[in-house]
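Structure, as structure tokens:
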Amino acid sequence: MTLAEAPAEVQLAVDLIALLEVNGVSPELALAALAIVTRDFECKREREDGSLKPGA
């Protein structure tokens, strides 16, 4: 399987890793930033899920 055939989340992960590495971001800083991004997107997903429920 080539990267072009990989699932979208794999392609995005590869792009993000490359971006972080090219910019010399340390693993510690990358992980801390990704934890913030994870929390942000989890909140967004919860808001979206809530808006899809009847009577919400």
* **Qualifying position, being without any contact (Cβ under 8 Å) to a residue 12 or more places away in the chain and in a loop (DSSP other than H, G, I, E, B), among V14, V10, V25** => V25
* **Looking only at region 28-56, and only at residues there that are of a type in the set (K, R) and not in a loop (DSSP other than H, G, I, E, B), the one that is least open to solvent (accessible area, probe 1.4 Å)** => K44
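The values are calculated or read from the model by the stated rules, or taken from the named source; none is laboratory data. Computed from a predicted model, the values in this text were never measured in an experiment. Every residue, glycine among them, receives a Cβ derived from its backbone with ideal geometry; neighbour counts consider all protein chains shown. Each accessible area value is taken on the protein alone, full model and side chains, heavy atoms only, with ligands, DNA and RNA left out. Shrake-Rupley method; radii C 1.70, N 1.55, O 1.52, S 1.80 Å.
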